[in-house]
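Every read-out reported here was derived from the displayed coordinates using simple, explicitly stated rules and does not represent laboratory data. Computed from a prediction, not measured in an experiment: that's the story for all the values here.
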Amino acid sequence: MIRAFLIFIALNTASVYLVSYLLDQFVVTGGPMGFVVVGICIGLLNLFVKPILKVLSLPLIFLTVGIFIILINALILWLAQIFVSFLDISGVTLTINGIWTYVVAVLLFGILNYLFQKLIR
C-alpha cells in the first residue's frame with residue numbers, strides 16, 4: 001500500500017512538472033520540492049474530495065454526458081492552489097492564471113494520467 005501511494009505521488013509530481021512545462025500560465029515555484037508538494041496536494045484532493053464532488057454532481061454529470069467532470073477537475077486544481085498557499089511552505093507556490101489554463105491543464109492531466117496508467121499496467 002505504501003509502495004502504491006509513493007508511485008501515485010511520483011506520477012502526480014511528474015504530471016505537475018509536465019503541465020507546468022507545457023503551459024506558461026501554470027506556474028509552480030519551489031523547484032523539485034514545489035512539484036512534490038503540489039503533486040501531493042492534488043493527489044490528496046483527488047483521493048478524498050473528488051469522489052464526494054462526483055457523487056454530489058452525479059445528475060449534472062449524466063446531463064452533460066460526463067463533460068461536467070472537467071469542471072470538477074478544474075475545481076480540484078483551484079482547491080490545490082488554495083491548499084498550497086494555505087500550507088505556506090517557504091518558496092512553494094502554485095499559480096494558475098485564467099479559466100482556459102484550468103481547462104487545458106485538466107485535459108493535460110487527464111491525458112498524462114491515462115498514459116501513466118497504461119505504462120504501469
- Using alpha-carbon pairs under 8 Å, 6+ residues apart, how would you state the relative contact order of the chain in percent? 34 percent
- Expressed in nm to one decimal, what extension gain is obtained for the pair GLN117 and PHE48 from 0.36 nm per residue of sequence separation less their Cα-Cα distance? 22.9 nm
